[in-house]
Amino acid sequence: MTTVDHLRQVRLGNLRTVLLALVDRPGSRADLAARTGLTKATLSNLTEPLLANGILVEEPATLAGMGRPSKPLRFHPDGPVAVGAEINVSHLAVETLGLDGETIRRHLVPTDIRKASPDDVLDRVAGLIREITGDSGRSLLGVGLAIPGVVHDGAVVRAPNLPKLVGAPLAGGLGERLGLGVELDNEANLAALAHLWPRHLAGEDFVHVSADVGIGAGVVLNGEVYRGVSGFAGELGHVVIERDGVLCTCGSRGCVERYAGLDVILREAGRRRLDSLQKALEAGDERALESVRKAGEALGVGLATLMNLFDVPTVVLGGSYALLHEHLSAAVRSEMDTRVLAGGERHTRLIASPLGEFAVVRGAAGLVTRRAVQQPERLFA
Ligand SMILES: [Zn+2]
């Protein structure tokens with residue numbers, strides 16, 4: 001590496017440090033210097049192009065105590081934004097997210113896309129993205145696209161509920177329609193990422209599990225989503241809890257999904273939709289309560305296996321599970337308490353996701369803002 005290359009790398013590293021500090025919270029140059037360990041001169045030097053390019057803004061001076069007035073720096077309210085998009089069996093969703101982690105606009109459209117061709121789906125997603133970005137005048141950093149399937153090397157390799165998406169050029173197709181870079185990832189991984197970036201909502205080590213047609217889990221270790229060698233990590237839905245149990249769509253038997261998937265819960269409760277199930281639960285309907293309790297037991301057994309393999313302290317119930325949390329968690333808790341070995345050392349924390357139905361699309365947008373902060377040269381591209 002030449003000296004020039006080396007200096008450039010050092011500068012990008014420092015820039016990353018400053019941006020990460022600002023994602024955490026705004027701060028004056030003096031405050032940022034104290035938080036990052038950089039000198040005030042280096043800080044001024046680093047923030048100057050960020051201010052000139054409209055990525056940061058300097059707020060009016062405020063008098064802090066006896067000292068000199070400080071002028072906090074923060075991400076510019078009209079600065080660049082990332083786009084998140086989600087293709088799901090039962091809905092499409094889009095969101096714009098600023099570098100400061102604030103959601104700008106979002107939109108979720110319930111729709112059944114099982115019969116649609118990949119081109120039709122991409123046309124609709126591109127249309128929704130144009131709707132929420134069209135008149136903002138803000139520059140776009142790129143698109144994160146969430147898929148209910150296994151993604152490896154930028155392609156969908158397995159999508160049992162949307163088989164038409166397997167092998168389709170989704171990132172390229174959407175990128176061409178919008179003139180933007182598009183990155184593809186699995187919905188469960190992105191829902192987990194949304195609890196990690198830009199804010200840690202569940203610590204640095206946790207499992208995020210959610211149910212839709214299938215069950216998806218994102219395993220987070222040391223602040224990173226663990227994907228496995230070929231993208232198949234976290235397939236909690238296909239962990240076997242009954243060796244000769246119910247036949248599963250994956251070809252195996254007794255998978256967690258066959259006992260705790262949302263379609264199973266609804267069928268056992270005699271309900272067609274989640275909102276109807278929620279009403280029945282609130283009204284104390286015995287059949288609905290029993291259905292959710294049985295699903296919770298199955299989920300707890302599967303989660304205990306995951307806990308015994310990865311020894312993480314926290315489980316986040318997301319998606320539909322977050323909405324059913326009140327009636328689901330006692331059964332999950334009870335199974336985990338008797339089966340998780342580390343339970344003797346410490347109680348596993350079981351929490352409901354605070355992000356609701358927008359966790360996946362927020363994670364998809366977060367994928368883009370996180371990359372922009374980690375590779376700050378992208379902000380000047
Ligand atoms: Zn299975």
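The values are calculated or read from the model by the stated rules, or taken from the named source; none is laboratory data. Since the structure is predicted, the reported quantities are computational estimates derived from the model, not experimental observations. Note that we place each Cβ from the backbone using ideal geometry, even for glycine, and neighbour counts take in every protein chain shown.
Just wondering, is there one or more residues in segment 238-261 that are within 13 Å of the ligand (Cβ to nearest atom), among the aromatic types (Phe, Trp, Tyr) and not in a loop (DSSP other than H, G, I, E, B)?
Taking segment 238-261 as the starting set, the residues that turn out to be within 13 Å of the ligand (Cβ to nearest atom) are 238-243, 245-261.
With among the aromatic types (Phe, Trp, Tyr) added as a condition, the list becomes 259.
Imposing the further condition that a residue be not in a loop (DSSP other than H, G, I, E, B) reduces the set to 259.
There is at least one residue in segment 238-261 that is within 13 Å of the ligand (Cβ to nearest atom), among the aromatic types (Phe, Trp, Tyr) and not in a loop (DSSP other than H, G, I, E, B).
Does residue 188 satisfy being more than 28 Å from residue 20 (Cβ to Cβ), buried (at least 19 other Cβ atoms within 10 Å of the Cβ) and within 16 Å of the ligand (Cβ to nearest atom)?
no
Would you mind stating whether residue 284 is modelled with pLDDT of 90 or more, over 21 Å from the mean Cα position of the chain (by Cα) and part of a loop (DSSP other than H, G, I, E, B)?
On the way: modelled with pLDDT of 90 or more: yes; over 21 Å from the mean Cα position of the chain (by Cα): yes; part of a loop (DSSP other than H, G, I, E, B): yes.
Yes: the conditions hold for residue 284.
Being assigned by TED's automatic domain parsing to the domain that holds residue 98 and in contact with a strand residue (DSSP E or B) (Cβ under 7 Å, 6 or more places away or on another chain) narrows it down to one of 303, 367, so name that one.
Numbers: 303 fails: assigned by TED's automatic domain parsing to the domain that holds residue 98.
Criteria check complete, one pass: 367.
Are any residues in segment 210-236 of a type in the set (Val, Ile, Thr), under 15 Å from residue 159 (Cα atoms) and in a strand (DSSP E or B), and if so, which ones?
215 - this is the single residue of segment 210-236 that is of a type in the set (Val, Ile, Thr), under 15 Å from residue 159 (Cα atoms) and in a strand (DSSP E or B).
Could you grab the pairs with beta carbons closer than 6 Å, sequence gap of 6+ or different chains, first residue in segment 323-339 and among the β-branched types (Val, Ile, Thr), second one part of a helix (DSSP H, G or I)?
Hits for this filter: 332/296; 332/299; 332/300.
Could you list, ordered by first residue, the pairs with Cβ atoms under 6 Å in which the first is in segment 284-299 and in the same structural domain as residue 239 (by TED's automatic domain parsing) and the second is surrounded by fewer than 16 Cβ atoms within 10 Å (Cβ to Cβ), at least 6 apart or interchain?
287/270
Counting only residues that are without any contact (Cβ under 8 Å) to a residue 40 or more places away in the chain and within 16 Å of the ligand (Cβ to nearest atom), how many does segment 262-283 have? Quick ask: steps written out before the conclusion?
Of all residues in segment 262-283, those without any contact (Cβ under 8 Å) to a residue 40 or more places away in the chain come to 264, 266-273, 275-276, 279-280, 282-283.
Restricting the remaining residues to those that are within 16 Å of the ligand (Cβ to nearest atom) gives 264.
Final tally of qualifying residues: 1.
Rundown of residues vs (1) out of contact with any Gly (no Cβ under 7 Å at 6 or more places or on another chain); (2) over 16 Å from residue 370 (Cα atoms); (3) not charged (D, E, K, R), yes/no style:
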| site | (1), (2), (3) |
| --- | --- |
| 151 | no, yes, yes |
| 172 | yes, yes, yes |
| 182 | no, no, yes |
| 199 | no, no, no |
| 205 | yes, yes, no |
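Condition check ((1) under 12 Å from the mean Cα position of the chain (by Cα); (2) crowded, with 16+ Cβ neighbours inside 10 Å) across all residues:
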{"site": "169", "(1), (2)": "no, no"}
{"site": "176", "(1), (2)": "no, no"}
{"site": "224", "(1), (2)": "yes, no"}
{"site": "228", "(1), (2)": "no, no"}
{"site": "241", "(1), (2)": "no, yes"}
